[in-house]
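Report on the following structure.
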Amino acid sequence: MEVIHKIGRRKTAVARVYLKDGSGKITVNKKDLNEYFSTATLQYKVNQPLTLTSNEDKYDVNVNVYGGGITGQAEAVRLAISRAVCELDEENRSILKPEGLLTRDPRMVERKKFGQKKARKKFQFSKR
């Protein structure tokens, strides 16, 4: 099997995933998954597509991720892994799609506008 390369994005985080045959080792930015994503929730998010398709121990996953915060990065990795798993076998698509793992979340931070304090918040108004 060749190496499968896919990209996942969330907010400003970008994850590049390289999937190949192996023993189920997940490496994120040259660190172990449990070392990079310290909380159990984030580890669960990253493992979710592999667990649902029962591929936890079949493939090694190498991830390069940058930008955004730790949660955005975890969700970007999840999307990239989901896309890679779908390329392995089209039947996985019917498992992942109902769970919402193949949907790119379009929500981004709204830009700050000039003449305002933040994106929507205004400066304090004084009548007199």
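Annotations
- Subset of the stretch 18-61 that is in a helix (DSSP H, G or I) and hydroxyl-bearing (Ser, Thr, Tyr) - its residue that is surrounded by the fewest Cβ atoms within 10 Å (Cβ to Cβ): THR41
- Of all the criteria given as (1) of a type in the set (Phe, Trp, Tyr); (2) within 15 Å of the chain's Cα centre (by Cα); (3) loosely packed, with under 12 Cβ neighbours inside 10 Å, the one not satisfied by PHE114 is (2).
- Flag for THR71 being closer than 25 Å to LYS25 by Cβ and either touching a strand residue (DSSP E or B) at 6+ places or on another chain (Cβ under 9 Å) or not aliphatic (A, V, I, L, M) (or both): yes
- Just one of the listed residues (LEU101, LEU79) is under 16 Å from ARG10 (Cα atoms), touching a Pro at 6+ places or on another chain (Cβ under 9 Å) and not in a helix (DSSP H, G or I), namely LEU101.
Quick note: the coordinates plus some simple rules give every number you see, no bench work behind them. All values reported here derive from a predicted model rather than from experimental measurement. Note that we place each Cβ from the backbone using ideal geometry, even for glycine, and neighbour counts take in every protein chain shown.
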